[in-house]
1. Tally Lys/Arg at +1 and Asp/Glu at -1 over every other residue whose Cβ is under 10 Å from the Cβ of B:Tyr279; what's the total?
2. Let me know the mean shielding of A:9-20 by other chains, meaning the per-residue number of their Cβ atoms within 10 Å of its Cβ.
3. Amide H neighbours of B:Lys3 under 5 Å, at least 5 residues apart or on other chains, H built in the peptide plane: list them.
4. I'd like the FRET efficiency for B:Ser161 and B:Ala328, computed as 1/(1 + (r/R0)^6) with the beta carbon distance as r and R0 of 51 Å, rounded to 0.05.
5. Whole-Hz Karplus ³J(HN,Hα) for region B:384-393, in order, using 6.51 cos²θ - 1.76 cosθ + 1.60 and θ = phi - 60°, x for Gly and Pro?
6. Going by how many other beta carbons lie within 10 Å of each one, how would you line up A:Asp152, A:Asp20, fewest first?
7. Just want the ordering: B:Lys55, B:Lys320, B:Lys416, from fewest to most Cβ atoms lying within 10 Å of their own Cβ.
8. Show me, bin by bin at 10 Å from 0, the whole-percent P(r) of the protein assembly as shown based on Cα pairs.
Amino acid sequence: MKKFEKLTSAVVPLSIENIDTDQIIPARFLKATTREGFGDNLFRDWRFDSNNEPKPEFVLNNNAYKGKILVAGKNFGCGSSREHAAWAIQDYGFDVVISSFFADIFKGNALNNGLLPVQVSDGFLADIFNEVAKDPQTQLTVDLETQQVTIDATGKSESFEINPYKKSCLLNGYDDIDFILNQKDLIETYEENRPFKY
Amino acid sequence: MSKTLVEKIWDAHVVKRQEGFPDILYIDTHLIHEVTSPQAFDGLRKRGIPVFRPKQTVATADHNVPTLDQHLPIKEELSRYQVDMLTKNCKEFGVELYGLGHPYQGIVHVIGPELGITLPGKTMVCGDSHTSTHGAFGAIAFGIGTSQVEQVFATQCLLLSKPKTMKIEVNGELKKGVGAKDIILYIISKISAAGGTGYFVEFAGSAIQSLSMEARMTVCNMSIEMGARGGLIAPDETTFEYIKGREFAPKSEEWDKALAYWKTLYSDNNALFDAVLTYNAEDIEPMITYGTNPGMGIGITENIPATTAQPKSEQISYQKALDYMGFADNEPLIGKPVDYVFIGSCTNSRIEDLRAVATFVKDKRKADHVEVWIVPGSKQVEAQAKAEGIDKVFEAAGFQLREPGCSACLGMNEDKIPAGKYCVSTSNRNFEGRQGPNARTLLASPLTAAAAAVTGKITDVRELI
């Protein structure tokens, strides 16, 4: 898995709430059997019209906004469990998603791929959107070690939560399978002694 | 110590609990399908490891499959490749597959229960968010991502933090024309599409207890639509009665042993939930959604809420949803024209759903301009419908009975609703483009959907029964 330590980057603002994984990557693009290439269809129906022409009003088609941090409204990633959503965001070039609330499954999927979900307060999220509206080049710094996200221009900063185990996975590039595979004996012991065997 | 049902099942499956780490949770049953498994199988190949417990893994092809001419090769190349890949992977890794053509094939959340694979007290996962359906049996069942599918393949375990618990009680008697789908759409409309996030929900109360197993599945199925990790209902006589005699259910002495254990699966009287919500069944009328998330639902006779009634920060998203749907503030939905009716999906494609629709449409006919697709949840449901003559009722009504699959719930196959068209759908999501690019979805119960099919417009089904 990809490591994550610290990132300073401009951001792409998407101030819409309840962005579901069908918007992130529509079901008709889930037919690939590898993890690569989903970035081409990230936000497909918001990004392109029915003739596959880019919609100029959509933020990913606006050259003013470039960066490795996606900032979105609350309840980001709700709906389908498709991990393709996390793959698509990462494949497009984002390393961090910031929102004031994440859906559970999306958050887990992101963490399992080294895409860092950063949950901030509603107020701090509004601050980010305001700063980016004033200056599209606004840079943020996300530091996983110290669990801080900072708006560089104003110095305004907020800390974010992350499970300590997941944090160490990201910092070191380990995944859950490496961790559990080392406990196979315990699993077999459990299977023999469990309270009720199906 | 008093425990909730979720805690009882969870604790019985903890392989290892360590301070500062998520629990290692043992998974009894892993259901897989063609869309979210290929990358996980690939992961095993890269690591050079097998599926650890292939006998606890069951596969079917559902998301991608056509619902017409299933005996012919799949026309669409990418879909065919994905389904073929599932066949190849299952063979290579020794996993049982109920693929196209198999009498047990169907939507993964329909076949688990009907085959007696879904049982009380189990932990069950699938790379699909509607895995919560199986919670209707008093199982901990939830959707996972593909990395976790690989994790379960490799170890039959998941690393997970214990979820918070919420109890949602619905008490009283449901009114005429109101069913399980209305209950769950009502709850989600009250607590929003994110209101259950972080929780595992136990549904309880007299209105829930009075539901059949299939109706309970409809309720638990949509737990994810309020953001919940999963939903479940304590098993009771209704549950045991449903399971007994099914293909893979425990038999003879095993049954007695299982039953004794299952009877211990309930939340203790004074068990503490992190949140408790209570609703009255009498307050629920037939429900329908007007927006682009399942929380945007109203009683069928209500008007669309005004944008200004929404919290300030949500007004832009709310307006965007209404624009997408072609609706305006304060409008009634009743009388709005409908183009398509889809009765199917893991929410409402079981035999009881088809029976309810058939009973309603007997001696009626669909409106001329409406296209009606009935997609049974499984080959077994399809066979049962035919055995009962339900297919003839549908034919006479102008409803098209198709073959099993996820179909127009997510439009991965060719069953798509055209841009701009309105579809009353018994599925679970009304997201933008869910049923096809720019398609407009209104979620409702099978009865409300059938009423729209007959009148050609949004209709209060209570006026027709």
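1. Numbers: positive: B:Lys190; negative: B:Glu169, B:Glu282, B:Asp283.
That works out to -2.
2. Numbers: counts 0, 0, 0, 0, 0, 0, 3, 4, 11, 14, 4, 10.
Going residue by residue through A:9-20 and averaging, the value is 4.
3. B:Asp268
4. Details: r = 43 Å, r/R0 = 0.85.
The value I calculate is 0.70.
5. With coefficients 6.51, -1.76 and 1.60, one gets 5, 4, 5, 4, 8, x, 5, 4, 5, 4 Hz.
6. On the way: A:Asp152 15, A:Asp20 25.
Lowest count first: A:Asp152, A:Asp20.
7. Working: B:Lys55 9, B:Lys320 15, B:Lys416 21.
Least crowded to most crowded, the residues run B:Lys55, B:Lys320, B:Lys416.
8. 3, 16, 28, 28, 18, 6, 1, 0
Each value in this text was obtained by applying a stated rule to the coordinates, not by laboratory testing. As the structure is a computational prediction, the values presented were derived from the model and not from experiment. Counting neighbours? That spans all protein chains shown, and the Cβs are built from the backbone with ideal geometry, glycine included.
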